[in-house]
1. Counting only other chains, what is the mean number of Cβ atoms within 10 angstrom of the Cβ of each residue in peptide A:32-42?
2. With θ taken as phi - 60° and the coefficients 6.51, -1.76 and 1.60, list the Karplus ³J(HN,Hα) couplings across region A:23-37 in order, rounded to whole Hz; mark glycine and proline as x.
3. Which Cys residues of chain A have no other Cys Cβ less than 4.7 Å away and so no disulfide-compatible partner by this rule?
4. Whose amide H sits under 5 Å from the amide H of A:Val60, counting only residues 5 or more places off or on another chain, with H placed in the peptide plane?
5. Assuming 0.36 nm per residue, please report the length gained on full extension of the stretch C:Asn74 to C:Phe166 beyond their Cα-Cα distance.
6. 5 Å is the cut-off here: which amide hydrogens, built 1.01 Å from N in the peptide plane, fall below it relative to B:Cys79, excluding neighbours closer than 5 in sequence?
7. When only Cα pairs under 8 Å and 6 or more residues apart are kept, what is the percent relative contact order across region A:68-352?
8. Among C:Val10, A:Val334, A:Val375, C:Val91, which comes first, then next, by fewest other beta-carbon atoms within 10 Å?
Amino acid sequence: MSAYQNSEQMKGDFYTQKFEAGKRDGTLILNMGPQHPSTHGVLRIVVELDGEYVVRAEPVLGYLHRMHEKMGETQTWGGFIPNMGRVDYGHPMAWNWAYCGAVEKLMGIEVPERAELLRVIMTELNRLTSHLLWWGAYILDLGAFTPIMYAFDDREMLLDILQRPTASRLTYSNFRVGGLQMDVDDKCIEMIKAFIPHFRKRLPMYKDLVTDNLILRRRIEDIGIIDQDMCRRYGCTGPVLRGAGVAYDVRRAEPYSVYDRFDFEIPTQTSACSAGRYLVRVAEMEQSMRIIEQAIEMLPSAQGGYIVDKAPKPAMKPPVGEAYFCVEGGRGKVGVYVVSDGSKTPYRVKLRAPGFSNLSAFAEAATGTLIADAVAILGSLDLIIPEIDR
Amino acid sequence: MNTFRKHVIQPIIDCWSLIVGLKITGKYFCKPLITVHYPREVIDSENLSTYGGHVELIGKPKDPATPKCISCMMCVTNCPSGCLTVVKSKAPKPTADQEAAWKAAEEAGEKVEKPKAPKNPAKFIYDYTKCSLCGTCIENCPAKSLRFSNNIYWVATSRAEMKIDLLARLKGQAAEVSAPAHAPKSEASAPAEKEA
Amino acid sequence: MSAFVQQLLVLIVAAVAAMIWLGINALVWVYCERKFAGHIQRRPGPFEVGPHGALQPLIDGLKLMGKQLLTPDNADAILYWLAPILSMLPVLLLFLPIPYGPVLTGMDVNLGLLLILAFSSFNGLAVLLAGWSSNNKWGLLGAARAVSQTVAYEIPLLLVVLAVTFMTGTLSLTEITNMQAGHIGNWFIWKQPLAFLIFLVAMFGETNRAPFDLAEAESELTAGFHTEYSSMGFGLFFMAEYGYMVVMCSVCSVLFLGGYHGPFPGVDGWWWMLLKTFALLSFMVWVRWTYPRVRFDQLLNINWKWLLPLATFNLLATALILKL
Ligand code: SF4
Ligand code: SF4
């Protein structure tokens with residue numbers, strides 16, 4: 001024992017010390033993260049290990065806090081939109097939509113039909129990219145290196161498609177209050193039409209290579225049970241909730257925009273384990289494609305342009321009041337609450353990140369599992385750390 | 001018997017999935033590569049044409065070296081990140097003779113035709129480090145003088161280089177277009193070109 | 001006396017040759033693995049250094065050598081640096097008794113198989129030392145995993161080897177090879193198919209290769225036992241891993257695939273041995289880039305609940321058939 005070991009630094013920071021207080025005999029306290037390969041960013045989890053079994057776990061957040069909510073109070077109403085593209089790099093369009101939807105609600109703007117359909121198409125395409133990213137990264141967490149490359153092969157095509165009407169490839173901020181930034185061109189629609197059959201052909205390959213794989217199934221089945229009761233307690237939404245057997249999807253439960261016109265299913269699984277969440281997401285990809293197909297069919301007969309006439313300028317002044325709008329993001333219910341005091345900047349912007357609630361359930365779900373399972377559970381929650389920390 | 005089936009027979013049957021997996025990776029092993037092998041290959045220009053790089057100015061159709069910009073400052077005020085700096089041109093300084101002539105005319109009660117300041121901006125500086133590529137400036141430009149460049153090969157080694165003088169860039173582009181002989185392989189030389 | 005000197009000379013030459021062979025193998029297989037992985041993932045893999053990136057592993061090795069050797073605070077420096085050496089040295093020894101060709105045998109000992117099995121367990125010790133002495137919690141977890149894994153997987157390995165030796169009655173690898181001379185039908189894979197499968201699976205466990213790479217498991221334990229190692233400390237572990245792979249595959253081809261004997265009479269030679277070993281190595285690489293990693297308890301379950309009973313059954317069946 002050197003002097004260093006007895007010094008203050010060796011005792012760890014506030015969180016470790018707090019955690020250390022309830023330590024059992026013969027256990028090991030381990031910091032997973034903030035730099036750990038499978039926390040996808042800078043999430044830190046303090047775990048107490050008995051052998052390889054997790055006795056307690058506690059996520060420590062805040063390493064990627066960028067004050068998006070506070071920034072909302074200093075930006076103009078329109079100027080806050082680019083922030084929405086950065087909250088969640090996985091499914092930024094859901095956030096775009098939630099914010100624009102809230103402001104539209106506040107200002108009483110009717111979005112033209114065509115713009116709504118385009119929003120649906122793009123958001124669903126974005127959901128596909130989000131799920132593909134999760135899929136690849138999750139399998140990577142479980143130790144297979146190749147599937148992520150195949151997933152990115154398809155994801156790259158989607159990005160090429162989305163690049164045309166948005167001019168970006170990752171942090172989309174193409175939504176505007178009243179519609180969209182740009183219209184799609186014919187080439188883009190053609191590419192989408194070509195992509196869907198291609199992707200349908202790829203899905204069986206994914207199934208054979210990964211979903212059916214004996215090792216993978218043994219790794220994720222019956223691991224990390226987050227049942228309905230837990231979902232209610234922690235406020236889990238999205239695939240976590242649907243994996244627990246609740247067919248709750250904002251697109252169906254509180255249909256916003258034109259979602260009530262589409263015919264799609266809400267995949268659910270009753271197993272409530274990591275495999276359930278996995279299968280829900282995989283099934284959701286097919287449903288997203290169905291929605292896109294229907295939306296593309298409706299597109300030529302849709303009224304209006306890609307943005308409402310006389311769209312508000314970025315320096316708009318919505319009337320005094322407040323509004324809440326929520327959409328179904330790749331990870332769950334994305335909600336934005338805005339308060340206006342009638343000035344050029346929002347009085348308050350509150351972001352409801354689904355990942356935050358989903359992560360809260362981790363500590364309970366991971367208790368008593370092996371450390372490898374903890375990684376599998378963490379991945380199955382589909383965490384995007386920037387969204388959790390905001 | 002059921003437990004025997006579940007714990008012994010089923011795993012053996014499931015092992016087939018491992019062979020299926022090997023078959024798939026084996027199949028892809030034999031297929032051609034799909035990555036773009038930069039710098040031996042470059043991304044096709046079709047894809048590149050929709051790429052949204054940093055913001056750049058658009059020249060007048062007849063005079064590609066001068067931007068369409070009318071220095072209205074819409075882009076500057078609306079940019080959420082404050083990355084644009086536009087300096088309006090001043091009117092040319094009148095000579096002493098002109099000034100005297102105007103004064104005389106004014107005293108005589110005539111309306112003086114003073115030369116107006118040119119609308120073109122004198123300076124158009126864009127700080128790429130701050131830009132969030134949101135496109136607000138592009139939408140709000142009344143003169144349609146801004147667009148995303150397709151410059152995917154943009155490289156800078158210092159922060160100062162990230163501040164782009166868009167006017168100089170436009171001039172450079174105009175010169176390149178008007179003198180194609182100097183840049184025979186514009187596609188290939190694009191990455192190496194010193195921007196701005 | 002002169003016979004002794006001659007023996008000694010042969011041994012020294014063989015040891016040097018083994019060292020070179022090991023170095024070449026590590027370089028070649030690092031390159032091949034990365035190329036294979038690249039093509040499976042539909043990208044080119046290393047491409048810039050040398051033609052098709054062929055010199056990449058060499059440059060990587062040089063880069064590793066150029067790095068600083070770091071000893072973590074509070075690590076047991078002696079054990080910490082002993083571990084990579086301990087992991088590397090036995091590999092050299094392991095190459096000696098393997099018959100690569102009719103005359104290409106470093107040391108034709110009649111207990112060759114035993115020697116290999118005995119010295120290959122050194123790796124477990126080295127990994128334990130590495131993880132334990134580096135004063136890192138991840139390292140410790142990796143070490144604990146590695147030990148229980150190597151110990152467990154050695155048993156079925158021994159049992160299947162025993163089954164083969166029941167048939168041959170010798171532990172000399174050269175003699176085992178010679179018993180499979182003639183044509184492809186004489187290879188032991190046909191007489192011991194179950195043993196071959198068990199050996200194949202246990203081989204992954206014994207060499208810590210994916211999907212059984214639990215000791216490093218970078219998505220769980222960051223890098224497991226070699227988390228703290230830098231420079232050639234890591235390099236030696238890396239080389240040893242490839243060394244063990246080559247040894248295991250060579251042993252497998254000697255035991256089951258006829259060693260240097262061709263599939264039909266008259267074409268015997270070291271190239272067959274090389275071909276078989278490389279085919280097995282490619283298979284290991286292929287598997288690594290296809291499957292997810294198993295969980296630790298599953299890894300042990302596979303061993304204790306499947307491989308061990310099967311290997312025992314195989315041994316008993318072999319004994320019974322031989323007796324009859
Ligand atoms: S793209 Fe957005 S951030 Fe960039 S200069 Fe234009 S308005 Fe400003
Ligand atoms: S670029 Fe457009 S918006 Fe900006 S100052 Fe010039 S004319 Fe105005």
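Readers should treat all values here as calculations from the given coordinates under stated rules, not as data from a laboratory. It should be emphasised that the depicted structure is a prediction, and the values quoted were computed from it without experimental measurement. FYI the Cβ positions are ideal-geometry reconstructions off the backbone, even for glycines, and counts take in every protein chain you see.
1. 2
2. Once rounded to whole Hz, the list reads 5, 7, 6, x, 10, 10, 9, 10, 9, 8, x, x, 10, 9, x.
3. Cysteines lacking a close Cβ partner in chain A: A:Cys100, A:Cys188, A:Cys273, A:Cys326.
4. Those lying under 5 Å, H to H, from A:Val60 are A:Arg44, A:Ile45, A:Val46.
5. Roughly 28.2 nm would be gained on extension.
6. It is none; the list stays empty.
7. Details: 509 pairs, mean separation 88.1, N = 285.
Dividing the mean separation by the residue count of region A:68-352 yields 31 percent.
8. C:Val10, C:Val91, A:Val375, A:Val334
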